[in-house]
1. Would you calculate the volume per residue, in Å³, of the smallest convex hull containing every Cα atom of the range 109-236?
2. For a Förster distance of 45 Å, can you work out the FRET efficiency between the beta-carbons of residue 361 and residue 75, rounded to the nearest 0.05?
3. Please work out how much accessible surface residue 307 shows to a 1.4 Å probe, ignoring ligands, DNA and RNA, in Å² rounded to 10.
4. If R₀ is 56 angstrom, what is the calculated FRET efficiency for the pair residue 394 and residue 164, using the beta carbon separation as r and rounding to 0.05?
5. Could you work out the local net charge near residue 356, counting Lys and Arg as +1, Asp and Glu as -1, over the other residues with Cβ closer than 12 Å to its Cβ?
6. Tell me the Kirkwood hydrodynamic radius of the chain in angstroms, computed as one over the mean inverse distance between distinct C-alpha pairs.
7. Given the pairs 104/153; 111/225; 162/363, which span a C-alpha to C-alpha distance of over 25 angstrom in this model?
8. Separation between the residue 353 and residue 212 pseudo-spin-labels, each 7 Å from Cα along Cα→Cβ, expressed in nm?
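The values are calculated or read from the model by the stated rules, or taken from the named source; none is laboratory data. Quick caveat, the model's predicted, so the values are computed rather than measured. Backbone-built Cβ (ideal geometry, glycine too); neighbour counts: all protein chains shown. The area values use the complete protein model at the heavy-atom level, side chains included, leaving out ligands, DNA and RNA. Shrake-Rupley method; radii C 1.70, N 1.55, O 1.52, S 1.80 Å.
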Amino acid sequence: MAHIAGQSRHQATLFPEVLDEVVAADNTVRVIDAYVDSLDLAELGFSKVEAAATGRPPYDPGDLLKLYLYGYVNRVRSSRGLEREAGRNVEVLWLINRLAPDFKTIADFRKDHAQAIIAVCRAFIRFCREQSLFGAELLAIDGTKIAAVASRKQVITPEQIKKRDAAIERKIAEHLAAMDEADRREPAPAEAPVDITAAIAALKAQRETLQRQAEELAREGLKQKVIGEPDAKLMRTPHGHQVAYNAQIVVDAEYKLIVAFELTNNGNDQQLLHPMAVEGKAAVGAREVTVVADTGYSNGEHGARCEQDRITAIVPRAETVNPRGKQYFSRDQFTYDSESDSWRCPAGETLSLYKTSLTQKKKEYATKACSTCPLKPQCTNAEQRVIVRDFYENDRAAMHQRAMADPIWMKHRRELAEHPFGTMKWLMGHPRFLVRGLTKAGAELALTVLSYNLKRVINILGVPALLRALQPTPA
């Protein structure tokens, strides 16, 4: 019995008479087409929406935006990859009407319209709100580190500069010693001293470069800088330290849609609870909202700000440990008395307030009894034990108590926030930005967030219902 046979590739066909017949009515590409057509691109900040009367006609920004959105939905992010798809992919042929822009045109569009692309993603979030897809009661906040373009080898710090400068000094000293040794021996070939001289000159040039870099760090007040990618920072990630950005999202509990997002170069999340919670609350249009986040967001001052903005924050604090070692009492073994504003230690002594720092917003407590205390070996190896209390400690404790009162909150957080990031990293393939700079990388994050939300809404509403919702309302 013969196999199922196809048609000869040399057979003449009318494929297709109408390209629209090839794209199914419920194909995702039709949603991308309808969504971009529903936007006011000029208002969002795109250039060349209206072609000039003279000169070479430009590409319609709507067509290039459709191409990028299709690419990110289908895990094709590079401009060269999109150029290939435009020449061979039937869906893309349909989407942009057989246009064939070159990779440079495609890359420049993303580079030149970063803010406008971010606005396109926020516009889709508003569309989701208009479709009543947000529960607007519970939000989850989370962040992840996504690698930047630059290599870790491009990171400079004052410590690294000192080490490299010392290494160059040793190299120069070795070369000079070698030249002195050669002078004491028989004459060497003429080119040998020239080579050493050139090497010394190159090392001195490197040292001058290091000195300029050290001056730049001191002048800008920076502890680190990434050459070629100054917006990025060296951050701790599950895969070790990487040059990265910190991507933040806020997820609504109803359908796990992302309602707010930001890209920052903060290495940790301690200063991000309140701004992300406010942005999420505004996006869902609620008067009051509850937000959950992990221990990295534990910040009493931000908890107080959330309360003022009618946001109930549920954030556990990290386990309290003594930084000097596990053999010493942790702060949890000391009891705070709010009436007297003092602490009682495990030995029963009272630690009184002796220092207040308005700039650092903290108080410090100590007692003179440490020197004769029999429990001091279990408490500290310093002259006396000092307890530090933040001005907003009560607000931080309140967030922690809410989290500990019911384990369901942290379960909700994991279900809501970790699922979107998993899908987004899958959409990115190798989760790494392709462009340099915080704003441009933010546009890449926006395209990924939009792709995730678009796929979610298609699963929720279906393509036909979504196409009807995107139809312009009659005047």
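1. 174
2. 0.50
3. About 90 Å², rounded to the nearest 10.
4. 0.75
5. For residues surrounding residue 356, the net value is +2.
6. After inverting the mean inverse Cα-Cα distance, the result is 27.4 Å.
7. With Cα atoms farther than 25 Å apart: 104/153; 162/363.
8. A separation of 5.3 nm, rounded to one decimal place.
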